[in-house]
2 protein chains.
Amino acid sequence: METAVAGLIQIKNIELCADYDFVMPLEHMSASEPSSKLKTVKASCQTCRLRDLCLPIGLAPDEIGKLDKLINRRQRVRTGQHIFRAGKPLHFLYAVRSGFFKAYEVSNDGIEQINGFYLGGELLGLDAIGSGSHQCSAVALDDGEVCEIPFDALETLVREIPTLQRQFHRILSREITADHSIMKLLGSMSAEQKLAVFLTSLSARFNMLGYSPTSLFLKMSREEIGNYLGLTLETVSRTFRKLQDDGLLDVQRRHIQIRDLKALQQMTEIGHCNH
Amino acid sequence: METAVAGLIQIKNIELCADYDFVMPLEHMSASEPSSKLKTVKASCQTCRLRDLCLPIGLAPDEIGKLDKLINRRQRVRTGQHIFRAGKPLHFLYAVRSGFFKAYEVSNDGIEQINGFYLGGELLGLDAIGSGSHQCSAVALDDGEVCEIPFDALETLVREIPTLQRQFHRILSREITADHSIMKLLGSMSAEQKLAVFLTSLSARFNMLGYSPTSLFLKMSREEIGNYLGLTLETVSRTFRKLQDDGLLDVQRRHIQIRDLKALQQMTEIGHCNH
DNA sequence: CGCGTCCGTTGATCAAAGTCAAGGTACGCT
DNA sequence: AGCGTACCTTGACTTTGATCAACGGACGCG
């Protein structure tokens, strides 16, 4: 459990990046977001430690410079704050620099549906491009930072820099393939498999960001996990228990210690699906 | 039931478009596809009746001309033929001109997962952009035609024509939002709701193409519907029965006559979801 | 420090959909 | 025409996970 806590701290540390001055704190989200106190700083892909995971992959230094000029600011976001809301016009895409975000929709019957969780290096707001307004809302489940990318300017730059264009298309396409995996999960996996996929996916993403792949601190509740995986919160809880009893995990509420990552990954593949 | 058959015939008619000469029949898919006899013709967006649904939306006539130059051919595809296979490198995207297509993946445990069904005006192969090779296979469930769009050339043209760029990005983004709807469906709807969504979606798409929104001829088996919706084929069959007993449908195997579209659409929204 | 709230756990019960099995129907092929 | 196969339907039974309910621990706040 001490290690789990260490994992947590590590996750939080990603946002520490010394070489930027804070520009004046700014009330960004006006009336509709009374609790917002988003600090903004000049963003820089040049020195961002996520530049090999994010939009700038493969860009030459001068091209990254152009991209930097376009991304005017980096925003600090506190837990519980929204970066955008469903229905609002699309002005920016948001690149996650640090923290942990949830994208969700609320249907007119008032039921929430979580579309995904987003970590460092991932892009939020792509589903808004089709209609020009955000389909989902995005909220921080942990303190973090996002880079604000003006969409129109990005499209213009994308026309100038083929490598950037290619990368942008890749990102859009990968969002599609990721959704296809989730569709497979939702349509044909048992509760146990779903949770195994969920954990191994988180594990891999944390690992990519340089954190422990086995010591996870979950930023979301059991209910949110269940919502995302098509399960009830009780089933999520019981399934965590089951995986713990089988010796695959140590579960201490939101601190998850993966004891047997191999076995978890195998559960992901093996076809004891239903249909 | 006669009307259902009429619907079917109508669907097939879309591929009749008199003003193109058939170029020589061509063995397109070489060794791996022994049954292929794909005839190809010069494609033309200019005169395509789907130009307001497809990639050329909003383009000026001269811009459509440029797009035409790039899309070198239109291919006839017979029922059961593949247009591409998972694992093959991405050379082309395919715009459906007519017919009915299924995109699916087979995981290494041999289980098929259907990602979607594609009708006229829709684009196949978008999930290949991320990795550069096709993630899924695409097969015709009915005779039809597809336009072959060289992806590299498309990216180049997209850089030249902002309107085309915008439209391409919209299409990619809409694929994402469509997948999100399916995720919601898979994660939180009852069998009855799933089928209602499935039918109303098909109905709307047929309608958009100019066909009857109430008289559907399904090109896929119960098993394929179930696979897509996260149900077994038996449940699909029973649920069709239930909807028929409730007076919403007439079901004659694959001929579906929608008796109460309004009611079907309402089932789609109402929140007797589970979690 | 003590209280209240939120979140997670656990148990008992129930229902929806999966599984297994047995026909039935349409359609293509010889 | 007759046969065979693939697909669909229907029934009986089982199972997984949802639902309802009670409780317990952690944390924040007065």
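The values are calculated or read from the model by the stated rules, or taken from the named source; none is laboratory data. None of these values were measured; they are calculated from a predicted model. Quick reminder, even Gly has a Cβ in these numbers, built from the backbone with ideal geometry, and neighbours come from all protein chains shown. Just the protein is used for accessible areas: all its heavy atoms, side chains included, with ligands, DNA and RNA removed. Shrake-Rupley method; radii C 1.70, N 1.55, O 1.52, S 1.80 Å.
A few comments on the model shown:
- Centre-to-centre, using Cα atoms only, region A:80-108 and region A:182-217 are separated by 22 Å.
- In nanometres and ascending order, the distances from the residue A:143 label point to those of the other copies are 6.8 (point 7 Å from Cα along Cα→Cβ).
- Phi-based couplings in Hz for region A:161-174 (Karplus 6.51, -1.76, 1.60; Gly and Pro marked x): 10, x, 4, 5, 4, 4, 5, 5, 5, 4, 4, 4, 5, 5
- Along region B:149-156 the Karplus relation, 6.51 cos²θ - 1.76 cosθ + 1.60 evaluated at θ = phi - 60°, assigns HN-Hα couplings of 10, x, 5, 4, 5, 5, 4, 4 Hz to successive residues, with x for each Gly and Pro.
- Contact residues in region B:114-162 by the 20 Å² criterion (accessible area, 1.4 Å probe, full protein complex versus chain alone): B:115, B:127, B:129, B:130, B:155, B:159, B:162.
- Cut-off under 5 Å, modelled amide H: who pairs with residue A:43 long-range: A:73, A:74
- Distances between copies at residue B:65, taken between label points 7 Å from Cα along the C-beta direction, are 3.9 nm in increasing order.
- Where A meets B: accessible area buried, both sides, 1.4 Å probe, Å²: 4200 Å²
- Of the cross-linked pairs A:66/A:219; A:69/B:88; A:194/B:262; A:184/B:219; B:102/B:242, those separated by over 30 Å at the C-alpha level are A:66/A:219; A:69/B:88; A:194/B:262.
- Built amide H within the under 5 Å cut-off of residue B:122, gap 5+: B:96
- A cut-off of 5 Å between modelled amide H atoms, ignoring neighbours fewer than 5 places along the same chain, links residue B:133 with B:90.
- Relative contact order %, region B:71-185, counting alpha carbon pairs below 8 Å whose residues are six or more apart: 35 percent
- Average Cα contact separation per residue, region A:189-269, under 8 Å, 6 or more apart, as relative contact order %: 36 percent
- Spin-label pair residue B:78/residue B:265, simplified geometry with 7 Å Cα→Cβ offset, distance in nm: 4.1 nm
- Accessible surface, per residue, of region B:56-100 when the full set of protein chains is kept, probe 1.4 Å, Å²: 41 Å²
- Copies compared at residue B:265 - label distances in nm, ascending, label defined 7 Å from Cα in the Cβ direction: 4.9
- Within the accessible surface of region B:91-159, defined with a 1.4 Å probe on protein heavy atoms only, the carbon and sulfur portion equals 47 percent.
- Shape summary of region A:189-269, radius of gyration then Dmax from alpha carbon positions: 11.4, 32 Å.
- For region B:177-217, residues shielded by at least 50 square angstrom of accessible area compared with the chain on its own, probe 1.4 Å: B:179, B:180, B:183, B:184, B:186
- You can think of it this way: the chain between residue A:85 and residue A:253 has 57.5 nm of extra reach, that is 0.36 nm per residue less the Cα-Cα gap.
- Surface share of carbon and sulfur [accessible, 1.4 angstrom probe, percent] for region B:189-269: 45 percent
- Spin-label model distance (nm) - residue A:221 vs residue B:238, 7 Å beyond Cα toward Cβ: 3.4 nm
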